[in-house]
Amino acid sequence: MSDVNTNKVFFELVTPTFLAISEDVDMVVVPGVDGDFGVLRGHTPILTTVRPGVIKMYMGGAVVKTFFIEGGIAEANPEKCTVLAEFIHNIEDITQQDVDTRLSKAKENYEKDRNAGAKKELVIAEALVKSLNIEGTKH
C-alpha cells in the first residue's frame with residue numbers, strides 16, 4: 001500500500017472471484033454512472049456504482065494500463081481506490097471480431113426478449129464498442 005509520504009494512490013481492481021490489480025498509481029480514472037472520475041491521493045471519500053466502460057491507470061502522466069469493466073461499484077478515500085467489477089477485460093486482448101460478435105448477439109437477444117438481462121447485455125456490448133473505438137484511436 002502507498003506510503004503516506006508519496007503522491008500515489010493504492011488501487012485495487014477485483015471481481016467476485018479474483019484480484020486483478022493491486023498497486024500504487026499516480027491516478028486512476030473510473031467510469032462512474034454519472035461520468036468518468038479521476039482518483040488521486042487525497043480524494044474525497046466516495047462510494048458509487050460504475051457503468052460499463054474503461055478504467056485507466058496513470059503513472060508519470062501517461063496511461064499505463066486499461067481495462068474494460070462490465071459495471072460494478074467503486075470506493076475511494078484519500079489513500080485508496082477499490083473497484084469491484086462484475087467482469088474485467090484487458091483492452092489489449094479484445095479484438096474487433098469479438099466486439100462485433102458480442103454486439104450482434106446482444107441485439108438479436110434483445111429483439112427476441114426485451115427483458116432486463118437482454119437490455120443489460122446490449123448496454124454492455126454498446127459500451128464495449130464505444131470503448132474499443134475510443135481506445136483504438138489513441139494507439
Which number in (1) buried (at least 16 other Cβ atoms within 10 Å of the Cβ); (2) of a type in the set (Val, Ile, Thr); (3) at pLDDT 95 or above marks the one condition that residue 124 misses?
(3)
Give the number of residues within the stretch 6-60 that are farther than 22 Å from residue 130 by Cβ, among the acidic types (Asp, Glu) and more than 12 Å from the chain's Cα centre (by Cα).
3
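Kindly check whether there is at least one residue in the stretch 86-95 that is under 20 Å from residue 9 (Cα atoms), at pLDDT 90 or above and under 11 Å from the mean Cα position of the chain (by Cα). Working first, answer last.
First, the residues of the stretch 86-95 that are under 20 Å from residue 9 (Cα atoms): none.
Scanning the stretch 86-95 turns up no residue that is under 20 Å from residue 9 (Cα atoms), at pLDDT 90 or above and under 11 Å from the mean Cα position of the chain (by Cα).
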Criterion first (over 14 Å from the mean Cα position of the chain (by Cα) and part of a helix (DSSP H, G or I)) does residue 108 satisfy it?
yes
Limited to the stretch 1-53, what total is found for residues that are closer than 25 Å to residue 103 by Cβ and among the aliphatic types (A, V, I, L, M)?
6
Number of the exception - residue 34 against (1) at pLDDT below 95; (2) of a type in the set (D, E, K, R); (3) buried (at least 16 other Cβ atoms within 10 Å of the Cβ):
(3)
Checked 98, 113 against criteria (more than 21 Å from residue 11 (Cα to Cα) and either touching an Asp or Glu at 6+ places or on another chain (Cβ under 7 Å) or surrounded by fewer than 12 Cβ atoms within 10 Å (Cβ to Cβ) (or both)); the one match is 113
Can you pull out every residue in the stretch 10-36 that is assigned to a strand (DSSP E or B) and either of a type in the set (Ser, Thr, Tyr) or out of contact with any strand residue (DSSP E or B) (no Cβ under 6 Å at 6 or more places or on another chain) (or both)?
19, 22, 23, 35
List pairs: first in the stretch 98-127 and within 15 Å of residue 70 (Cβ to Cβ), second in a helix (DSSP H, G or I) and of a type in the set (Val, Ile, Thr), Cβ under 9 Å, 6+ apart or cross-chain?
99/129; 102/124; 102/129; 103/129; 106/123; 106/124; 125/99
Which ones in the stretch 59-91 are free of Cβ contacts under 8 Å to residues at least 24 places away in the same chain and not in a strand (DSSP E or B)?
none
One residue is enough: does the stretch 71-90 have a residue meeting the conditions closer than 24 Å to residue 17 by Cα, touching a Gly at 6+ places or on another chain (Cβ under 7 Å) and surrounded by fewer than 19 Cβ atoms within 10 Å (Cβ to Cβ)?
yes
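The values are calculated or read from the model by the stated rules, or taken from the named source; none is laboratory data. Computed from a prediction, not measured in an experiment: that's the story for all the values here. Don't worry about glycine lacking a Cβ; one is built from the backbone with ideal geometry, like all the others, and counts go over all protein chains shown.
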